[in-house]
Every structure is written in C-alpha cells, then in structure tokens.
Amino acid sequence: LGCLSPQYISEHALKFVNMVGDADETFPKHKLYRALGVNLVLCPPLQQHQMEVLNEVWSVVTAIEDPAAYMEVAEVFIEYPVKHCSLADVDRMLGDILAHVANDERSYEALFPQLASVVSKILAHIRDFTALFGLANFMPLIDLFDGEAAVEVARNVLSTFAKYQRPAFDPVIVN
C-alpha cells in the first residue's frame, strides 16, 4: 500500500478494503488497515463511497482486542471522519476508542501518545468548539489524561481554542 499513490488507492478504495480483509495473517492486518488509512486521509474516496469504506474498515478494526494494535489504526483513521464525515461519526469513533482503551484499569496510560495524537488531529480540523465540546465522547477522552500528558493535551486544546475561536458566551465553553 505504501508503494501506490493515495489517489489510486482512493479510486479503488472498496477493492483495497476487501483485499486487506481477505489477506492472510503473514503481515498483521492492523498494519495494513493503518497503511490504508494513511492513504485515504490524504485522498478520500468518492463521496458516495466514503461512509461505506469507513463502515467496512471499522467493522473489522473494532474487533481488534489488543489496545495497542487497535490504537495504531484508530490514531490514523480518526482523521478520516474528521475531514470527510459528520461530527456524529467522529463521536462514534471516539466512543469506540474509549471502549477499547478504558476497559483495563490504567493500562491506557501507555497509549497516551496515540490518544494525544487523536486529540491533535481532531483539533486540527474542527473549529466549532461548541459542537466539539458537545460531543458525548470528547471530554471523556480528555479526562483519560493525567499528569504531564493532561497538561500537554489541555495546552493543545486551549491554544487551538485561542487561535481559532470567536468570543465565547456559552457557559460550558467558558468554563
């Protein structure tokens, strides 16, 4: 997948999704889905295929039990719904991320860099902070962080907010 252009992969996205799904386990599938995601984020499939591609990929990815392998894919694919789908799709993916990483007590701490990357990718593309903070799963994701990781994520959120936000009067946003 790394040798082909993102445009070619985008034009044949459904075929690539099926090929990755049918691949044997000689090469880990989560790495194939990650590579596919990198290309689809750079060059999305036709609009009529975007949700089908996301649903096909995510039906397999959500079954990955290893949180580290799952996050390898989720860290890349979060940018796909952020750029090409709705906020509801972003929220569903965030809920799935939370379900995968927050099920073990504190084991998600090893995934802080990937989780922080997810937050950064969301902040890079969503400018409506009222809608972003209104997502059911965004603040629970932020709440996972503690210590220095929490400081860095909060700094990222606040600097992005300050950079792009108009004056806010919503008490939820202000606080």
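The values are calculated or read from the model by the stated rules, or taken from the named source; none is laboratory data. A quick note: this is a predicted structure, and the numbers were derived from the prediction, not measured. Positions of Cβ are backbone-derived with ideal geometry, glycine not excepted, and every protein chain shown enters the neighbour counts. These area figures cover heavy atoms from the full protein model, side chains too; ligands, DNA and RNA do not enter into them. Shrake-Rupley method; radii C 1.70, N 1.55, O 1.52, S 1.80 Å.
Restricted to helices (runs of 4 or more DSSP H) entirely inside segment 40-92, those with at least 1 residues that are over 26 Å from Ala131 (Cα atoms) are 47-61, 67-77.
Candidates are the residues of segment 134-155 that are open to solvent by 50 Å² or more (accessible area, probe 1.4 Å) and among the hydrophobic types (A, V, I, L, M, F, W, C); the one that is farthest from Met71 (Cα to Cα) is Val151.
Residues in segment 1-48 that are open to solvent by 80 Å² or more (accessible area, probe 1.4 Å) and polar (S, T, N, Q): Gln7, Asn18, Thr26, Gln47, Gln48.
Only residues that are over 16 Å from Val57 (Cα atoms) and either at pLDDT 95 or above or not polar (S, T, N, Q) (or both) were counted in segment 81-94, giving 4.
Filter segment 21-37 down to the residues that are free of Cβ contacts under 8 Å to residues at least 24 places away in the same chain and not acidic (Asp, Glu), then identify the one that is nearest to Glu75 (Cα to Cα).
Among residues in segment 21-37 that are free of Cβ contacts under 8 Å to residues at least 24 places away in the same chain and not acidic (Asp, Glu), the one nearest to Glu75 (Cα to Cα) is Phe27.
Going by what's in this entry, would Ala99 be described as of a type in the set (A, V, I, L, M), free of Cβ contacts under 8 Å to residues at least 60 places away in the same chain, assigned to a helix (DSSP H, G or I) and open to solvent by 20 Å² or more (accessible area, probe 1.4 Å)?
Numbers: of a type in the set (A, V, I, L, M): yes; free of Cβ contacts under 8 Å to residues at least 60 places away in the same chain: yes; assigned to a helix (DSSP H, G or I): yes; open to solvent by 20 Å² or more (accessible area, probe 1.4 Å): yes.
For Ala99, the condition - of a type in the set (A, V, I, L, M), free of Cβ contacts under 8 Å to residues at least 60 places away in the same chain, assigned to a helix (DSSP H, G or I) and open to solvent by 20 Å² or more (accessible area, probe 1.4 Å) - is met.
The single residue among Gln7, Gln48 that is polar (S, T, N, Q) and touching a residue at least 12 places away in the same chain (Cβ under 8 Å) turns out to be Gln7.
One residue stands out among those in segment 145-169 that are more than 27 Å from Leu42 (Cα to Cα) and touching a helix residue (DSSP H, G or I) at 6+ places or on another chain (Cβ under 6 Å): the one that is modelled with the lowest pLDDT, which is Ala168.
Determine whether Ala131 is at pLDDT 95 or above, among the hydrophobic types (A, V, I, L, M, F, W, C) and open to solvent by 20 Å² or more (accessible area, probe 1.4 Å). Talk me through it step by step, then tell me what you get.
Values: at pLDDT 95 or above: no; among the hydrophobic types (A, V, I, L, M, F, W, C): yes; open to solvent by 20 Å² or more (accessible area, probe 1.4 Å): yes.
Answer is no for this residue.
Of all residues in segment 63-90, those that are in contact with a Phe, Trp or Tyr (Cβ under 8 Å, 6 or more places away or on another chain) and over 15 Å from Leu42 (Cβ atoms) total 3.
Restricting the first member to segment 145-162 and to residues that are of a type in the set (A, V, I, L, M), and the second to residues that are open to solvent by 40 Å² or more (accessible area, probe 1.4 Å), the beta-carbon pairs closer than 9 Å and six or more apart or on different chains are Ala149/Glu109; Ala149/Pro113; Ala150/Asp143; Val153/Ser120.
Residues of segment 104-113 include none that is closer than 19 Å to Phe133 by Cβ, open to solvent by less than 50 Å² (accessible area, probe 1.4 Å) and not β-branched (Val, Ile, Thr).
Open to solvent by 20 Å² or more (accessible area, probe 1.4 Å), over 21 Å from Gly37 (Cβ atoms) and not polar (S, T, N, Q): is that true of Ala116 in this structure? No; evaluated as a whole, the condition is false for this residue.
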